[in-house]
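Only one structure is covered here, and it is reproduced in the block below.
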Amino acid sequence: MHISEGFLSPGVLATGWAVTAAGVAWGIKKMDEGEIVRVSMASSVFFLASLVNVRVGPSAAHLSLIGPVGLMLGWASFPAMFTALLLQAVLFQFGGLLVLGANCASMAVPAVLANALFGSFVRGRGEKIAAAASFFAGALAVLTSAGIAGLLLFFSDHGMALTAKTLLAAHLPLSAVEGATALFMTLFLRRAFPDILTGGGRP
Amino acid sequence: MRSSARHNGDQAGGGAASSRILLKGADQNHPLKKGTPVPFRVARLPKKARGLGSAICVCLLVPVLLLTGPDGARAHGVGYRQSGKSAVAVEFYYSTGETMAYQEFRVYSPQDDKNAYQSGRTDEFGRCSFVPENPGTWRVVVSDSEGHRADASIPIPQEFFDGGGDPRPLAVKSHMPEGLDLYLRAALGVSVLFNVAAAVRFRKCI
């Protein structure tokens, strides 16, 4: 999911940084004082999830938890993911510093979208609907993220169309795993800590 | 098919500088029909002279063919020999532990970091090898179809060319920390995140 340094063109890198800067600014503006610990916790989960390897068929991938983070934080996903990705780039050499803006945009935008589309269902009364919404939020967030990353690669170099398609196809099995993880996470949080699943609003 | 010919420059040439040959008694269906001008000259020599000329031609042609023919054939021939030069093998892998198998790689020499010295695909175990020609820091770049790229810098000392046969690895570099280092870095990251939160809360309280 992390695009490495050297793939993206300067224009795409600048676009990624512009989207990320706007998202982080908006996320911090909307972030409530009391939310900061919740944001830190979600950011830590996102930061550590990359270390959990999941065996999917013949290949392995790592969890991203884009959907659950989005359901927990909403717009605050931008600053939370930016900080976590920055630490991942520095401590684990995932992605890179120049490409950080593009990587953050490709993950935070789907998180915000997941909350906007499925948040109300996840926080609703019906548990079955919440479970289904959580699954789709987790699965579609990963696929959207892969799609955005593929588009960034495609716009950097049109010859990378095949790369973009491969990226999307490679994340199809992972999206099922992410969906199931999001389902169990949100169902547990609904029962144990319902205040966490606010999507960025006040508990 | 045989056909007789005679000079008829005035008839065919119509004032042309070169003489032409008209075919006489030829098959009418043949492309070279009767009356068709042929754009070359045939010298008619006595029979004895023609035999002598042919012999001279053969004598000249055979050495020429012997000298040029086999050389031309050798230019398309292939061969092989086992190289005595030492190669450097580099292994690439993902942070998940998987090897970067069958991915494209490019090798750049210390003198030219624009044009690849060598390119190809890694093997089943994510390995590629190259034979350096001179000392310096060589770069090996492997990229896959999912936006991952590994950029390895391999220092090749002069001793590599002088001594040879040293099985020790020239460079070992892991981009991904392992073991205790990995856990320490993960703990450091979480600590930083919560310290940021604490700092923000503390600043708000003041």
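The values are calculated or read from the model by the stated rules, or taken from the named source; none is laboratory data. Model, not experiment: these values are computed from the prediction. Positions of Cβ are backbone-derived with ideal geometry, glycine not excepted, and every protein chain shown enters the neighbour counts.
A:Phe46: within 17 Å of A:Thr144 (Cβ to Cβ) and without any contact (Cβ under 8 Å) to a residue 40 or more places away in the chain, yes or no? The answer is yes for A:Phe46.
List pairs: first in segment B:153-164 and farther than 15 Å from B:Ser109 by Cβ, second at pLDDT below 85 and not acidic (Asp, Glu), Cβ under 7 Å, 6+ apart or cross-chain? From segment B:153-164, the pairs are B:Gly164/B:Ser86. With the structure loaded, tell me whether A:Thr166 is assigned to a helix (DSSP H, G or I) and at pLDDT below 80 or whether it fails that test. Yes; evaluated as a whole, the condition is true for this residue. Of all residues in segment A:28-41, those that are more than 9 Å from every other protein chain (Cβ to nearest Cβ) and free of Cβ contacts under 8 Å to residues at least 60 places away in the same chain total 2. In the set A:Phe94, A:Phe46, only one residue is within 13 Å of chain B (Cβ to nearest Cβ), among the aromatic types (Phe, Trp, Tyr) and in a helix (DSSP H, G or I); that residue is A:Phe46.
Within segment B:89-103, the residues that satisfy the criterion of being free of Cβ contacts under 8 Å to residues at least 40 places away in the same chain, within 14 Å of another protein chain (Cβ to nearest Cβ) and surrounded by 13 or more Cβ atoms within 10 Å (Cβ to Cβ) are B:Tyr93, B:Thr96, B:Glu98, B:Thr99, B:Ala101. When A:Val112, A:Val99, A:Val142 are checked against the criterion of being modelled with pLDDT of 90 or more, away from chain B (no Cβ under 13 Å) and more than 18 Å from A:Ala180 (Cβ to Cβ), a single residue qualifies: A:Val112. On the stretch given as segment A:1-19, residues that are surrounded by 17 or more Cβ atoms within 10 Å (Cβ to Cβ) and in contact with a helix residue (DSSP H, G or I) (Cβ under 9 Å, 6 or more places away or on another chain) total 11. Just checking, which of A:Ala89, A:Ala76 is within 12 Å of the chain's Cα centre (by Cα) and hydrophobic (A, V, I, L, M, F, W, C)? Result: A:Ala76 is the single residue among A:Ala89, A:Ala76 that is within 12 Å of the chain's Cα centre (by Cα) and hydrophobic (A, V, I, L, M, F, W, C).
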